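Some notes on the structure that comes next.
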Amino acid sequence: MDDMETWPEIQKAATEKRRELVLQGPGVDTRISSHGGLTSSIYSLTLLNYLEVSQCPSLTEIHEEIRRLTHLQSLILCRNKLASCPDAIGLLGSLKVLDLSVNNLQVLPEGITQLSELNTLNVSCNSLEVLPAGLSRCTKLSTINVSKNRITRFPADLYSERLDLLSSLVASDNSIEELSGDVHKLSALKVLDLSGNKLKEIPFDLSDCPKLKEINFKGNKLNDKRLEKMVNGCQTKSILDYLRGKGRQGEDAGDAEGGRNADKKKKQQQQRKKKEKVAEEPDEVEELNKMVVRVLHVSDAPTALTVKVMAEVKDVRPYLVCCVVRGMNLKSGNSLKRFLVAQTKLHDDLCGKRTTATIATHDVQLLKGPLTYDVKPPTQLKIVSLGRKEMTAVELMRHLHLEAEELRKQKKRQNVTGLHKYLQLLQGKPFYPCLVDAEGHVISFPPITNSENTKIKKTTKELFLEVTSSTSLQTCKDIMDALIVKMAELNKFTADHREEAGSDVEGEGPTEPAEASDKASSELIVQQVRTVDQDGNLKVVYPSKTDLSFNDISNLTVVW
């Protein structure tokens, strides 16, 4: 092939009969731009079961020749500028993971509905207005993410008993006006996110989903103001119990022969009075749900931590933002566990299982500043990673690869698990990124792990947060924003529920009762952290005035 010299990655994959190929970033984008698209030679790699082409704004289309890659199990085409996707994608009969997120797609090809082995579909951050009818034929679907599009409704067959493996449906930030009561047919549904849509009602049938554990309807202007108040501040169980109660009321009214109309009228009057009462007390409801994040400027904190970023990280993992958070109550009840679960969920969703970005948290009291973001050869980077003894990056990566392979075998999954995906981000790199303290100890090795020596505990009062990425600085900021919002929500929940302190982390004994001050306030203080280059010139300060802008979250106030 005459263009193999231009695409040495493809030549190497062909020569070595590789099963995986990743093409991403500015260098690849330049070649795509200069050649008028992705080289056709890529479609000759018929042994591939994992193909990723990402972060290439010049990539606007994929050729129908992709039908030749019949062994593909994972196709990742995220963060490009794809305006269309060929119908031939439906001929990839082995495909299990399809990621078309962050593109310019207005429609999805009908061929997607022919992917009988499809397990994960991510088409978030596009311009889709509808989903293709026939997704119920993809009977192995487990995860669907269609967030941040323009979708107004779900196709009727999405509420199908055939989708008995669908456990996660994320459709936030769309224009969906109705959720059908047939949603209860999704018997495996565990996560449902319809926040930021145009729903007026939530069907009481939702409470019949037997495995539902997490729902999010925030940002919808519901007719039932009591329910709207609940979705903005309550746990899933409370909302489902409320919907279940409404369902029983409807059944009782339907069964009663004599006096049915009178009972119905009485209930309607009671509901109307409740709605009027809520409408008369908007300030009280708003105050109840209010969250406050206060920014402490660097100039007001002379001992603030600073992070020096060395030039060598540019070719490895160049983007970093940091901040310090105070006022996070981790002592009470299960608050620490909830925070760690929320961080894991952000890693899985916004961070793309750590392939887009990685979050790390540290106990400020255990840090020795100033900090340096640098690179080290794998044989020289030593870290006491979470739950392990000290070892070099080479040893750690070997252990993790073995664990990932064992996990794949146990779960009989496709060749690339979430763990595989972020491990391979460093594959072939001569240097690994790391955050180092003033004594030269590595406290963070992104995207792999952070240090056991700076791990947060229930007694942690100040948290140092870091987000790193190879994608963009704005990606780091967006994820840090989302993390702080989640921390504010969790802190408010802890304050509202007045939980008693106790151990919820394996290996820790019970702690003393929470102090009144721990319980009373849910206000977070976010202290700015500056990152500077090796000459001391400012690179970025977070948060800046352009950060923490949450116009869509009415109950969160940021005080500068």
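Structure data summary
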{"read-out": "Checking Thr113 against (1) within 26 Å of Asp29 (Cβ to Cβ); (2) over 20 Å from the mean Cα position of the chain (by Cα), the condition it does not meet", "value": "(1)"}
{"read-out": "Unique match (being exposed (fewer than 14 other Cβ atoms within 10 Å of the Cβ) and either aliphatic (A, V, I, L, M) or part of a loop (DSSP other than H, G, I, E, B) (or both)) among Thr60, Thr46", "value": "Thr46"}
{"read-out": "Pair list, Cβ under 7 Å, 6 or more apart: the range 385-410 residue free of Cβ contacts under 8 Å to residues at least 24 places away in the same chain, other residue among the polar types (S, T, N, Q) and surrounded by fewer than 14 Cβ atoms within 10 Å (Cβ to Cβ)", "value": "Thr392/Thr379; Val394/Thr379"}
{"read-out": "Matching residues in the range 156-186 - criterion: being within 24 Å of the chain's Cα centre (by Cα) and farther than 24 Å from Leu227 by Cβ", "value": "Leu163, Asp164, Leu165, Leu166, Ser167"}
{"read-out": "Enumeration of residues in the range 121-157 that are basic (Lys, Arg) and touching a Leu at 6+ places or on another chain (Cβ under 8 Å)", "value": "Lys140, Arg150"}
{"read-out": "Number of positions in the range 101-110 that are open to solvent by 20 Å² or more (accessible area, probe 1.4 Å) and among the hydrophobic types (A, V, I, L, M, F, W, C)", "value": "2"}
{"read-out": "Members of the range 293-315 found to be in contact with a strand residue (DSSP E or B) (Cβ under 6 Å, 6 or more places away or on another chain) and modelled with pLDDT of 90 or more, listed by number", "value": "Thr306, Val307, Lys308, Val309, Met310, Glu312, Val313"}
{"read-out": "Output for the range 198-216, where each listed residue is in a loop (DSSP other than H, G, I, E, B) and either in contact (Cβ under 8 Å) with a residue 40 or more places away in the chain or open to solvent by 10 Å² or more (accessible area, probe 1.4 Å) (or both)", "value": "Lys198, Lys200, Glu201, Ile202, Pro203, Pro210, Lys211, Leu212, Lys213"}
{"read-out": "Every residue from the range 80-100 that is open to solvent by less than 10 Å² (accessible area, probe 1.4 Å) and under 23 Å from the mean Cα position of the chain (by Cα)", "value": "Asn80, Leu82, Leu95, Leu98, Leu100"}
{"read-out": "Condition check for Thr494: outside any strand (DSSP E or B), of a type in the set (Ser, Thr, Tyr), modelled with pLDDT under 65 and in contact with a strand residue (DSSP E or B) (Cβ under 6 Å, 6 or more places away or on another chain)", "value": "no"}
{"read-out": "Count - residues of the range 412-449 that are at pLDDT below 90 and touching a His at 6+ places or on another chain (Cβ under 7 Å)", "value": "1"}
{"read-out": "Pair list, Cβ under 6 Å, 6 or more apart: the range 217-238 residue under 16 Å from Asn197 (Cα atoms) and open to solvent by 40 Å² or more (accessible area, probe 1.4 Å), other residue polar (S, T, N, Q) and in a loop (DSSP other than H, G, I, E, B)", "value": "Lys218/Ser195; Lys218/Asn232; Gly219/Ser195"}
{"read-out": "Gly27 surrounded by fewer than 17 Cβ atoms within 10 Å (Cβ to Cβ), assigned to a helix (DSSP H, G or I) and not polar (S, T, N, Q)", "value": "yes"}
{"read-out": "Check on Ser168, buried (at least 19 other Cβ atoms within 10 Å of the Cβ) and small (Gly, Ala, Ser)", "value": "yes"}
{"read-out": "Output for the range 449-470, where each listed residue is buried (at least 24 other Cβ atoms within 10 Å of the Cβ) and under 26 Å from Val97 (Cβ atoms)", "value": "Val467, Thr468, Ser469"}
{"read-out": "Filter result for Lys12 (in a loop (DSSP other than H, G, I, E, B), open to solvent by 20 Å² or more (accessible area, probe 1.4 Å) and without any contact (Cβ under 8 Å) to a residue 40 or more places away in the chain)", "value": "no"}
{"read-out": "Boolean, Glu20 is in contact (Cβ under 8 Å) with a residue 60 or more places away in the chain and open to solvent by 10 Å² or more (accessible area, probe 1.4 Å)", "value": "yes"}
{"read-out": "Number of the exception - Glu452 against (1) at pLDDT 90 or above; (2) closer than 25 Å to Ala311 by Cβ", "value": "(2)"}
{"read-out": "Residues satisfying the stated conditions in the range 370-413, i.e. of a type outside the set (A, V, I, L, M), crowded, with 16+ Cβ neighbours inside 10 Å and under 25 Å from Ser469 (Cβ atoms)", "value": "Thr372, Tyr373, Asp374, Lys376, Pro378, Lys382, Ser385, Thr392"}
{"read-out": "Number of the exception - Asn289 against (1) open to solvent by 30 Å² or more (accessible area, probe 1.4 Å); (2) at pLDDT below 90", "value": "(1)"}
{"read-out": "Some residue of the range 509-518 being open to solvent by less than 20 Å² (accessible area, probe 1.4 Å), modelled with pLDDT under 80 and over 21 Å from Val324 (Cα atoms)", "value": "yes"}
{"read-out": "Of residues in the range 519-560 being under 30 Å from Met310 (Cβ atoms) and modelled with pLDDT under 85, the one least open to solvent (accessible area, probe 1.4 Å)", "value": "Thr546"}
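The values are calculated or read from the model by the stated rules, or taken from the named source; none is laboratory data. In this text the structure is predicted, and so the values were computed from the model without any measurement. Note that each Cβ is placed from the backbone with ideal geometry, even for glycine, and that neighbours are counted across all protein chains shown. Accessible surface is based on the protein model in full, side chains and every heavy atom, while ligands, DNA and RNA are left aside. Shrake-Rupley method; radii C 1.70, N 1.55, O 1.52, S 1.80 Å.
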